[in-house]
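The structure appears below as structure tokens.
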Amino acid sequence: MNNFRAFVLFPLLALIAASGCEKTNDVPRLRDEVLATIKNYQQRVDELQHRADEIARRANTLPPDALNSADAQRVFRKALGKLAEARRDLQQTQSSATSNRREELDKLMDSLRERLEDEVVETTSELAAVESWVATVELRQGAPRTPPAATDDAPPVPSGSADPIR
């Protein structure tokens, strides 16, 4: 009976223990996650580019000397540079996402989120500042502005403005 245990039981226990320790290959899932994150950031960068294009279009409708603030121009150029840098980062990350090594994909995902999130947040802030400058110039110039669309829960915006109460 002791030989039976040694001959059948121990290999069976070793097989069970080995199968419990086996790691699943999650590289394909991780690669899909990296690619989905790249796609998400690509959409965000595209939206920011559309926003920058709209700012440039609005600024071009103003008189040439209306937006003469060097700060506004510098911030806008900086935002455009960050958008170009984000696009380069996305392209490089896309080509690196073909790795079959989990460690490389983990590192790629961490650096992707860290770099691009910072770039997207900073670019959003810079574009908001330039939009503010453009809107201020439009108001001073009396340029027609399209009011924001009214939502169901917001009261309609009056077309004319009353004098401030003093």
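Pick from the range 98-138 the residues that are among the hydroxyl-bearing types (Ser, Thr, Tyr) and under 22 Å from the mean Cα position of the chain (by Cα): which of them is surrounded by the most Cβ atoms within 10 Å (Cβ to Cβ)? Step through it out loud before you land on a result.
As a first pass, look at the range 98-138 and keep what is among the hydroxyl-bearing types (Ser, Thr, Tyr): 98-99, 111, 123-125, 132, 136.
Those still in the list that are under 22 Å from the mean Cα position of the chain (by Cα) too: 98, 111, 123-125, 132.
Numbers: THR98: 11, SER111: 13, THR123: 24, THR124: 16, SER125: 11, SER132: 11.
Per the stated criteria, the residue is THR123.
Starting from the range 86-99, keep only residues that are touching a residue at least 40 places away in the same chain (Cβ under 8 Å), then list their pairs with residues that are among the polar types (S, T, N, Q) whose Cβ atoms are within a distance under 8 Å, requiring at least 6 positions of separation or different chains.
These pairs meet every condition: ALA86/THR123; LEU90/GLN42.
Any idea which of ARG115, ARG51, ARG101, ARG87 is closer than 30 Å to GLY142 by Cα and either at pLDDT 90 or above or out of contact with any Cys (no Cβ under 8 Å at 6 or more places or on another chain) (or both)? Before the answer, list the steps.
Working: ARG115 fails: closer than 30 Å to GLY142 by Cα; ARG101 fails: closer than 30 Å to GLY142 by Cα; ARG87 fails: closer than 30 Å to GLY142 by Cα.
Unique residue meeting the criteria: ARG51.
The values are calculated or read from the model by the stated rules, or taken from the named source; none is laboratory data. Because the structure is a prediction, the values reported are computed rather than measured. Every residue, glycine as well, gets a Cβ built from its backbone with ideal geometry; the counts of neighbours run over all protein chains shown.
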